[in-house]
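Data first, discussion second: the structure below is written as structure tokens.
Just so you know, all these numbers are worked out from the coordinates, no wet-lab data involved. Bear in mind that the values here come from a model prediction, so they are computed numbers and not experimental data. Here the Cβ positions follow ideal geometry from the backbone for every residue, glycine too, while neighbour counts run over all protein chains shown.
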Amino acid sequence: MVDGVIATIIKAFLLINVLMVFFAFMTWVERKLIGRFQARYGPNRVGPYGLMQPIADLGKMLQKENMIPDGARPKLYLFAPWIAMACALGAFGLMPFGNVATLPFTDYTFHLYIADTSVSLLVVAAIGSLGFYGLMIGGWASSSKYALLGGMRAIAQLVSYEVAFTLAVIGVIIQASSLSFVTISNAQDNLWYFIPQILGFLVFFVAAVAESNRPPFDLTEADGEVVAGYHTEYGGMRYAMFAAAEFVNAITLSALGAVLFFGGPSGPYLPGPLWMLIKIGAFLFVLIWIRATLPRVRFDQLMKLGWKVLLPVATLNLLITAAVVAYR
């Protein structure tokens, strides 16, 4: 069964809106959790328990003056945040929240994902790679040496960890014999790949933290070194779009980790979408915990970890998986 065009458009519209609401809610959760980790309250003034803080942040961003720096390339400067945001949202569209559901009070059935192809993982990797251009163009088009250096450093970090990241997930592809997210999820009904692919998962997780620019790998916006990085010259909603894209990337990578290593929507008793949300939430909780715990690493330490530790471990995991699958 293939959903029609209208059904796909409706699902895409709902997914984007739900994802943005989830992102806004997670910013509140992150501040609350970090407040608890650091023995303080976190947001508690705007609305009950500070729940209206994300809306207050949006209002503040909307009121800020938007300027284009002298010497900037206006079209590219304005287009860069949209590239980052579109790629972050687009990659999430391929994540499965189940197989098939039935619309209440009707006999109409539909898929619990926007699309599934035989090369879903390659599509997500390609969309994620396009997101690099938003960072690079944003730094270059700002006509600022600080933003340009921040953009170059962001690209260097993302490209470096993309290699280990890709090798880490190839083990899952070999075991499932597929690049389809639905097929990979269904193949884990009896055993989550987290267990046989423990080395691959550890490499994936560390690389995902670096790919999403989360602490302790937030070198792309190390304000003490590069004056906030590639988005130095951005303000208001344009800056907010870069920040939102970064957090949505973290949500997307959490969903990818849930699909590849923890069976995606599979699980006992509860419906698939709820299992998927629980697994995404668990990943995000660990990311927030790491942010509140570990200090930022130096850039040379970041590169050494990526090339001298993660890459050899990912290669070893790939060789072991290939040997086991070939001779079992």
Point to revise | In the range 1-46, trypsin sites (Lys or Arg not before Pro) in a DSSP loop with at most 16 other beta-carbon atoms within 10 Å | key: R40, R45
Practice item. Would you work out if the range 74-149 is rounded, prolate or oblate? Take a ≥ b ≥ c from the square roots of the eigenvalues of the alpha-carbon gyration tensor; rounded if a/c is under 1.5, else prolate when a/b is larger than b/c, oblate otherwise. Key: prolate
Practice item. Could you order peptides 181-191, 106-116 by the average number of other Cβ atoms within 10 Å of their residues, highest first? Key: 181-191, 106-116
Check your understanding: Going by average Cβ neighbours within 10 Å, how do the peptides 247-257, 195-205 rank, with the highest at the top?
Key -> 247-257, 195-205
Practice item. Restrict the search to the range 27-103; then list the chymotrypsin sites (Phe, Trp or Tyr not before Pro) that DSSP places in a loop and that have at most 16 other Cβ atoms within 10 Å of their Cβ. Key: Y41
Point to revise | Prolate/oblate/rounded call for the range 190-328, Cα gyration tensor, a/c under 1.5 rounded | key: oblate
Check your understanding: Lysine pairs in the chain 8 or more apart or on different chains: how many have alpha carbons under 29 angstrom apart?
Key -> 10
Exercise for review: Find how much the distance from V18 to K75 grows on full extension, using 0.36 nm per residue of separation minus their present alpha carbon separation; answer in nm with one decimal.
Suggested key: 17.6 nm
Revision key, fill the gap. Note: the chain, point scatterers on Cα, Debye, no solvent; log10 I/I(0) at q = 0.12, 0.15, 0.16 Å⁻¹ equals -0.90, -1.35, -1.49
Exercise for review: Normalising by the residue count of the range 5-327, find the relative contact order in percent from Cα pairs under 8 Å and 6+ residues apart.
Suggested key: 23 percent
Practice item. Can you give me the span-like helices of the chain, meaning DSSP H runs with 27 Å or more of Cα extent along the axis and Kyte-Doolittle mean at or above 0.5? Key: 5-37, 74-92, 120-141, 145-176, 236-261, 272-293
Practice item. Per DSSP H run of n ≥ 4, the term is -39500 (n - 2.57); total these for the chain, divide by its residue number, and report the mean residue ellipticity at 222 nm rounded to 500 deg cm²/dmol. Key: -22000 deg cm²/dmol
